[in-house]
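Okay, structure first, notes after.
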Amino acid sequence: MFRKFIFLITIFISPSLFAFSIVKTEDFSLSLKGYYKNLSLASRETINGDPYFGNLNRLRLDFDSQFLKYFSVKLIWDNEWIGGDWVNTLEFDTRQALRDSEFFNLNWPLVEKKNFYYQQDLYRVYLKFDPGFLSLIFGRQKIDWGAAHLFSPSDLFTPLTLFDEIGRAHV
């Protein structure tokens, strides 16, 4: 009964979205958009079968700025906090080990307590120069190497596991 209740709450509460312009002049603009997501989960540990509960939260902030007519900067910053006794399980430790093994990891765990975990993640940041005849982009960005639903086997530069991709889609 409890699991059905958590499932219904998760389905009917949609993510909160927001977007607004902070500054807009002729030479400079800065906008902020983002969303908040929440996912509650209850399950049993794989090894010993002990029940656990987890509450995953994400606040994603997306800053967009344009200046000097040809330059733009994009910064996407994630704040994730997880509560519940899922933080103390082997499944959580495995998830963290997989996330920390990525190339050029830019996430920072800030609080690691018994039933609480908080981290920040620099998801994307790049500078774009576009005078019209040429477009150059420098920084951390997603580059798709083909069409795929969960992961692309031809993408050698974005090493995501199936578990991590499913977690990002649901968190």
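Structure note, pairs 74/113; 74/114; 37/113: Cα-Cα distances above 24 angstrom occur for 74/113; 74/114.
Between residue 38 and residue 134, what's the calculated FRET efficiency when r is the beta-carbon distance and R0 is 30 Å? Round to 0.05. After rounding, the FRET efficiency stands at 0.10. As an exercise, identify the trypsin sites (Lys or Arg not before Pro) in region 64-135 lying in DSSP coil whose Cβ has no more than 16 other Cβ atoms within 10 Å. Of the trypsin sites (Lys or Arg not before Pro), the ones in loops of region 64-135 whose Cβ has at most 16 other Cβ atoms within 10 Å are 69, 113, 114. Distance between the pseudo-spin-label points of residue 63 and residue 30 (7 Å out from Cα toward the beta carbon): 0.7 nm. Summarising the label geometry, the points placed 7 Å from Cα in the beta-carbon direction at residue 18 and residue 114 lie 3.3 nm from one another.
Site pair residue 71 and residue 45 shows an inter-label distance of 5.2 nm when each label is modelled 7 Å from Cα along Cα→Cβ.
FYI, it's all coordinate maths here, none of it is from the lab. Model, not experiment: these values are computed from the prediction. Don't worry about glycine lacking a Cβ; one is built from the backbone with ideal geometry, like all the others, and counts go over all protein chains shown.
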